[in-house]
Amino acid sequence: MALYLGLDSSTQGLTAIVLDVNGDRRTIAFQSALHFDEALPKYGTRHGVLPSGDPSVAQAPPLMWAEALDVMLGRVAKSGLDLSRLAAISGSAQQHGSVYLAGLEVRDSSCEVRLSREVAPVWMDSSTSVECAEIAAAVGGDEVLAAHTGSRAFERFTGPQIRQFFKQSPNHYIATSRIHLVSSFLASLLIGGDAPVDPGDGSGMNLMDLETRAWWPPALDATAPGLAARLPAIVPSDTVIGALSPYWQHRHGLPACRIVAWSGDNPCSLIGTGLVREGIVAISLGTSDTIFGLMTEPRVSRNGVGHVFGSPTGEFMGITVFRNGSLARERIRDQFGMSWSDFSRALAETPPGNQGKTMLPWFEPEITPRVLVAGVQRFKLDVDDGPGNVRAVVEAQMLAMKRYSAWMGVDIRTIYATGGASANRAILQVMADVFGADVYQFVVGNTAALGAALRAFHADAKTVAWEDVVRGIAEPVASSLVRPIAANHEIYAASVRLQADLTPINKSTTS
Ligand code: XUL
């Protein structure tokens, strides 16, 4: 009988899940979530990101993430659970963001974080196109970079972000002793030392060789001088990297439990949706919308749209990421003063295919396809047509997911839907119809936090097979099945072609 804590530091907030493992039984013993903007207003973030005059810049304060961790550990300590049973903690964090440290000192009664850069660029940043081109050129082109690291150069990836920092603030770069990912930064705080990164999150940097799971020297050289000495070690995802430091034990009365390497939110969600075998994909409808699945071989995206990351199982995962996810749905909902029920009603009242009314929903610069300058485009769609705009945004998102996930080579018959908007069955019906696939929901909405807790369990128990780790908890709800409607699927087959025709005419699209 043991407890495992999974933490998920996402774009907009921090979630904790405590998993109770008793023989074959896995139950959720405690769950809590905090929203950065509301819980820690002094940092001045909006949706977890600092306001910026430049739409291509997206940064967040690392100390906010650290303070949120403190608040959340306090909540866990007061949960009423018998925490002497807490065996291990692991975590998940938004991918790609980087934290620049001049020093970190965690003593028994104090924790001092010295930053060489006050802000951390996050995954929504798209300001590094120049650096992407420079890195790609230096290693022999985007195809070479993708073959080694799993992705062509992407603006939000950590390597281009590090290069930009080195170029813009060389002195601060020199003063940086360690560059962490959000995941390894928070893990460092927990162990009171220098935490490694895992291959799941390491593959979101354009710096790690997928095959050897070590830093790839040509990419390091192309990024910034002296980078190897500034990067954490890379260790397998199931590594116990230390014990909870005495600082946190004293501060919150927690035990000296094991700390397991943290990973990115998408690799953690892979586990939290039970995708430990190839063939099924999950769609996460969160701040970013993502479509992903496990891969036994690293089949890198030929057309440069998606990524191959390391999977916490030791294999690989394919993923395509869309930036205009929940915030785009919210923009339409808010524009028409709707509640989420009104939003669902609007979907129910409008016909599949939207009578040809369609949208390219690039409220913010888009990752897939690559759109550097934001701009929403409407076709046959009146800007004041509330229900029409609701259907248009959801259909556009699902059609883009179908089109840009083809590279993964999976015949998609079943989709596991997760993330906040997966609670909305009207949205899932559009998903089922566009893909012609069965769609299932999950009991635990935050599959990244659940995945982190399951990873803590797996690393602590060592001998338990992944299928047994996820059985009975990271499983879809059978009765939640949303079936595709054949006639609608046919309508959408034509819409996929229409959207493909529309996309290249957007002048700001560079892909
Ligand atoms: C993944 C990505 C996003 C973030 C969101 O490549 O950019 O999904 O991980 O937290």
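The values are calculated or read from the model by the stated rules, or taken from the named source; none is laboratory data. Small disclaimer: the values here were computed from a predicted structure and weren't measured. Cβ sites come from the backbone with ideal geometry, for glycine too, and all protein chains shown count toward neighbours. All accessible areas refer to the heavy atoms of the entire protein, side chains included, with ligands and DNA or RNA removed. Shrake-Rupley method; radii C 1.70, N 1.55, O 1.52, S 1.80 Å.
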Point to revise | Residue match in region 378-399 (condition: part of a helix (DSSP H, G or I), in contact with a Pro (Cβ under 8 Å, 6 or more places away or on another chain) and under 22 Å from L275 (Cβ atoms)) | key: yes
Exercise for review: Looking for whichever is of a type outside the set (S, T, Y), surrounded by 18 or more Cβ atoms within 10 Å (Cβ to Cβ) and in a strand (DSSP E or B) here; the options are L19, L69, L34, L73. Which one fits?
Suggested key: L19
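Of the residues in region 163-201, how many are farther than 30 Å from R251 by Cβ and within 16 Å of the ligand (Cβ to nearest atom)? Outline the logic, then answer.
Filtering region 163-201 for residues farther than 30 Å from R251 by Cβ gives 163-174, 199.
Among the residues that remain, those that are also within 16 Å of the ligand (Cβ to nearest atom) are: 199.
Within region 163-201, residues that are farther than 30 Å from R251 by Cβ and within 16 Å of the ligand (Cβ to nearest atom) number 1.
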Check your understanding: Residues in region 81-100: is at least one closer than 30 Å to F166 by Cα, within 16 Å of the ligand (Cβ to nearest atom), touching a helix residue (DSSP H, G or I) at 6+ places or on another chain (Cβ under 6 Å) and in a helix (DSSP H, G or I)?
Key -> no
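Give me the helices (runs of 4 or more DSSP H) completely within region 130-229, filtered to those with at least 3 residues that are within 18 Å of the chain's Cα centre (by Cα) and within 23 Å of V371 (Cα to Cα), ordered by residue number. Let's see the steps before the verdict.
On the way: elements: 142-149, 158-168, 170-174, 182-191, 199-202, 217-223.
In region 130-229, the matching helices (runs of 4 or more DSSP H) lie at 158-168.
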**Study point:** Breaking point among (1) surrounded by 23 or more Cβ atoms within 10 Å (Cβ to Cβ); (2) more than 21 Å from the chain's Cα centre (by Cα); (3) closer than 22 Å to A136 by Cα; (4) not charged (D, E, K, R), for I241
**Key:** (3)
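Quick one: which residue in A459, A494, A478 is buried (at least 20 other Cβ atoms within 10 Å of the Cβ) and of a type in the set (A, V, I, L, M)?
On the way: A494 fails: buried (at least 20 other Cβ atoms within 10 Å of the Cβ); A478 fails: buried (at least 20 other Cβ atoms within 10 Å of the Cβ).
Of A459, A494, A478, the one residue that is buried (at least 20 other Cβ atoms within 10 Å of the Cβ) and of a type in the set (A, V, I, L, M) is A459.
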Exercise for review: Determine the pairs where a residue that is within 13 Å of C268 (Cα to Cα) and touching a residue at least 60 places away in the same chain (Cβ under 8 Å), located within region 199-211, has a partner that is more than 14 Å from the ligand (Cβ to nearest atom) and part of a loop (DSSP other than H, G, I, E, B) with Cβ atoms under 6 Å apart, the partner being 6 or more residues away or on another chain.
Suggested key: P199/R213; G200/S237; G200/P312
Review point. Between a first residue in region 49-63 that is farther than 16 Å from R117 by Cβ and open to solvent by 50 Å² or more (accessible area, probe 1.4 Å) and a second residue that is part of a strand (DSSP E or B) and not small (G, A, S), which pairs have beta carbons less than 6 Å apart while being 6 or more apart in sequence or on different chains?
Key: none
Exercise for review: Any residue in region 102-130 that's closer than 23 Å to D70 by Cα and away from the ligand (no atom under 16 Å from the Cβ): show its pairings with residues that are of a type in the set (S, T, Y) and open to solvent by less than 20 Å² (accessible area, probe 1.4 Å) at Cβ separation under 7 Å, as long as the two are six or more apart or on different chains.
Suggested key: A102/S116; A102/T176; L104/S188; V106/S245; L115/Y100; S116/Y100; S116/T176; R117/Y100
Point to revise | Number of the condition not met by I415 [criteria: (1) within 16 Å of the ligand (Cβ to nearest atom); (2) open to solvent by less than 20 Å² (accessible area, probe 1.4 Å)] | key: (1)
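Among G6, G13, G44, which is the only one that is open to solvent by less than 50 Å² (accessible area, probe 1.4 Å), within 16 Å of the ligand (Cβ to nearest atom) and either closer than 30 Å to A374 by Cα or at pLDDT below 95 (or both)? Steps first, please.
Working: G6 fails: either closer than 30 Å to A374 by Cα or at pLDDT below 95 (or both); G44 fails: within 16 Å of the ligand (Cβ to nearest atom).
Selected residue: G13, the only one of G6, G13, G44 that is open to solvent by less than 50 Å² (accessible area, probe 1.4 Å), within 16 Å of the ligand (Cβ to nearest atom) and either closer than 30 Å to A374 by Cα or at pLDDT below 95 (or both).
Scan S79, S32, S9 and give me the residue that is more than 20 Å from the chain's Cα centre (by Cα), of a type in the set (G, A, S) and under 30 Å from A256 (Cα atoms). Can you show your working first?
Details: S32 fails: more than 20 Å from the chain's Cα centre (by Cα); S9 fails: more than 20 Å from the chain's Cα centre (by Cα).
Exactly one of S79, S32, S9 is more than 20 Å from the chain's Cα centre (by Cα), of a type in the set (G, A, S) and under 30 Å from A256 (Cα atoms), namely S79.
Out of all the residues in region 346-379, which are among the acidic types (D, E), more than 16 Å from the ligand (Cβ to nearest atom) and in contact (Cβ under 8 Å) with a residue 60 or more places away in the chain?
If we filter region 346-379 for residues that are among the acidic types (D, E), which is where we start, we get 349, 364, 366.
Next, only the ones that are more than 16 Å from the ligand (Cβ to nearest atom) stay: 349.
Matches in region 346-379: none.
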Review point. Consider I319 against the criteria (1) assigned to a strand (DSSP E or B); (2) surrounded by fewer than 20 Cβ atoms within 10 Å (Cβ to Cβ); (3) not polar (S, T, N, Q): it satisfies all of them except one. Which criterion is unmet?
Key: (2)
Check your understanding: Looking at region 314-322, is at least one residue in contact (Cβ under 8 Å) with a residue 60 or more places away in the chain and away from the ligand (no atom under 16 Å from the Cβ)?
Key -> yes
Practice item. Restrict the check to region 474-485 and report whether at least one residue is in contact with a helix residue (DSSP H, G or I) (Cβ under 7 Å, 6 or more places away or on another chain) and farther than 30 Å from P352 by Cβ. Key: yes
Check your understanding: Going by the conditions given, is S269 open to solvent by less than 40 Å² (accessible area, probe 1.4 Å), within 16 Å of the ligand (Cβ to nearest atom) and farther than 30 Å from R403 by Cβ?
Key -> no
Check your understanding: Of (1) more than 23 Å from F316 (Cβ to Cβ); (2) in contact with a Leu (Cβ under 6 Å, 6 or more places away or on another chain), I191 satisfies all except one. Which?
Key -> (2)
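Matching residues to (1) within 11 Å of the ligand (Cβ to nearest atom); (2) assigned to a loop (DSSP other than H, G, I, E, B); (3) buried (at least 24 other Cβ atoms within 10 Å of the Cβ); (4) free of Cβ contacts under 8 Å to residues at least 40 places away in the same chain:
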site	(1), (2), (3), (4)
L275	no, yes, yes, no
G279	no, yes, no, no
A282	no, no, yes, no
I291	yes, no, yes, no
R302	no, yes, no, no
S344	no, no, no, no
**Study point:** Residue among G353, G337 that alone is open to solvent by less than 20 Å² (accessible area, probe 1.4 Å) and farther than 22 Å from P199 by Cβ
**Key:** G353
Review point. Is it the case that region 4-25 has a residue that's of a type outside the set (S, T, Y), out of contact with any Gly (no Cβ under 9 Å at 6 or more places or on another chain) and over 26 Å from F442 (Cβ atoms)?
Key: no
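Suppose the filter is crowded, with 24+ Cβ neighbours inside 10 Å, farther than 30 Å from V439 by Cα and within 16 Å of the ligand (Cβ to nearest atom); does V260 pass it? Spell out the reasoning first.
Details: crowded, with 24+ Cβ neighbours inside 10 Å: yes; farther than 30 Å from V439 by Cα: yes; within 16 Å of the ligand (Cβ to nearest atom): no.
It is false that V260 is crowded, with 24+ Cβ neighbours inside 10 Å, farther than 30 Å from V439 by Cα and within 16 Å of the ligand (Cβ to nearest atom).
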Exercise for review: Kindly list, by first and then second residue, each pair from a residue in region 455-483 that is over 18 Å from I415 (Cα atoms) to a residue that is open to solvent by 50 Å² or more (accessible area, probe 1.4 Å) and assigned to a helix (DSSP H, G or I), limited to pairs with Cβ atoms under 6 Å and residues at least 6 apart or on different chains.
Suggested key: none
